[in-house]
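**Q** Please see the structure below; I have some questions.
The values are calculated or read from the model by the stated rules, or taken from the named source; none is laboratory data. From a predicted model like this one, the values you see are computed outputs, not experimental measurements. Positions of Cβ are generated from backbone atoms using ideal geometry, with glycine treated the same way; all protein chains shown enter the neighbour counts. The protein model used for the area step is the full one, side chains on, heavy atoms only, and it has no ligands, DNA or RNA in it. Shrake-Rupley method; radii C 1.70, N 1.55, O 1.52, S 1.80 Å.
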Amino acid sequence: MTRTGRNTDAPRDLGTGLWVGSTDARVVRAASAGGFDWACVDEQHGGAAGGRDNTDLIAAVRAAGVPAFVRVAWNRPELIGRALDSGADGIIVPMVDSVEQARAAAAAARFAPRGTRSFGPIRSTDALTAAVPARANEDVLCLVMVETVRGLDAVADISAVDGVDGIFVGPFDLSLALGLDPTELLADDSEDSPLRRVVSACRANGLVAGAYAGSVERAVHLRTAGFTMIAAVDDLAMIARSASEAAAAAKAR
């Protein structure tokens, strides 16, 4: 997976992704192979949370033929390093609301002299990010999540941090922080709306503009708003919805 670059004319479009909450590698591989452009294993709120070894889930995503991201549980170097050592092509770091926190996340994702990541040559065979430090530093993608008022206020500065490849919006946490309903946040298309501020900051710095949708309808709205990396659905909700639709259709015959 070729990384985004700050010297490009437009932010990289990573397309439509799957949010992974399952801990079953067979389920993850089947869901990831459904035509998505990438998949993200959620270590913060998903079934993979709690310090579980997710090498098998990351490998399952890679086996489906798409890049594997990991939303780490928190902005901590050992969590970021472990996700990348397990074969992730990129990381999504939650609750980043300052330049200092963004720098820490970017540093933890890169080897010296660019960063502080510890070198461990034991890698997943399904990894795209090479064990060669210089190449890994170029290939890995580091996205930080803007989910707070403080983060939103600092988004222009955060997006200018070297080593940050994208801003990822958590609309539910951000709407809570702003005292809004998520539908209000998504519906605000004013020039200085929170979502437009994020997209504008990403465009100004050639970054990926990412967001979690959780439904096809919200994904379409976020795409229209200018986001270039959208988690359309999560795997368990998708399975439950498909099962419900299949059962209803079968009973109707």
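**Q** Quick one: if you stick a label point 7 Å off each Cα along the C-beta vector at A112 and S242, how many nm between them?
**A** Label at A112, label at S242, 4.7 nm between them.
**Q** At 1.4 Å probe size, with every protein chain present, just tell me what the per residue accessible area of the chain comes to in Å².
**A** 44
**Q** Using amide H atoms built in the peptide plane, which far-off residues or other-chain residues are under 5 Å from D234 H to H?
**A** W19
**Q** Which percent of the accessible area of the chain is formed by carbon and sulfur heavy atoms (probe 1.4 angstrom)?
**A** Roughly 54 percent of what the probe reaches on the chain is carbon or sulfur.
**Q** Also, quick follow-up: Starting from the amide H of V208, placed 1.01 Å from N in the peptide plane, find each other amide H under 5 Å away whose residue is 5 or more places distant or on another chain.
**A** Under 5 Å from the amide H of V208 lie the amide H atoms of R12, G166, I167, each far enough along the sequence or on another chain.
**Q** So what are the ³J(HN,Hα) numbers for the range 219-224, from phi and the Karplus equation (6.51, -1.76, 1.60; θ = phi - 60°), rounded to whole Hz, Gly and Pro as x?
**A** 4, 4, 5, 5, 4, 5
**Q** Could you order the peptides 87-98, 183-194, 36-47 from most to least packed, using the average number of other C-beta atoms within 10 Å per residue?
**A** Per-residue Cβ counts within 10 Å, averaged per peptide and sorted highest first, yield 87-98, 36-47, 183-194.
**Q** Another question, if that's okay. Specify which labelled value, from (1) 1.12; (2) 0.98; (3) 1.04, agrees with Cα Rg over 2.2 N^0.38 Å derived from the coordinates of the model shown.
**A** (2)
**Q** Give me the extension gain from A63 to R253: residue separation times 0.36 nm, minus the current Cα-Cα distance, reported in nm with one decimal.
**A** That works out to 64.7 nm of additional length.
**Q** Run through the DSSP bridge list for the chain and note the antiparallel percent, rounded to the nearest 5.
**A** Restricted to the chain, the bridges split so that about 0 percent are antiparallel.
**Q** Looking at the chain as a GNM with Cα springs under 10 Å, which of A154, A63, A134 has the largest mean-square fluctuation?
**A** A134
**Q** On to the next question. Calculate the length of the line joining the C-alpha centroid of the range 23-45 to that of the range 132-169, in whole Å.
**A** Each part's Cα centre sits 23 Å from the other's.
**Q** Now for a separate question. I need the shape label for the range 128-253. Rule: rounded when a/c is under 1.5, else prolate if a/b > b/c, else oblate, with a, b, c from the alpha carbon gyration tensor.
**A** Oblate is the answer for the range 128-253, as a/c is 1.5 or above yet b/c matches or exceeds a/b.
**Q** Scan the range 36-98 for trypsin sites (Lys or Arg not before Pro) in coil per DSSP, keeping those whose Cβ has at most 10 other Cβ atoms within 10 Å, and list them by number.
**A** Loop-located and lightly packed - none at all.
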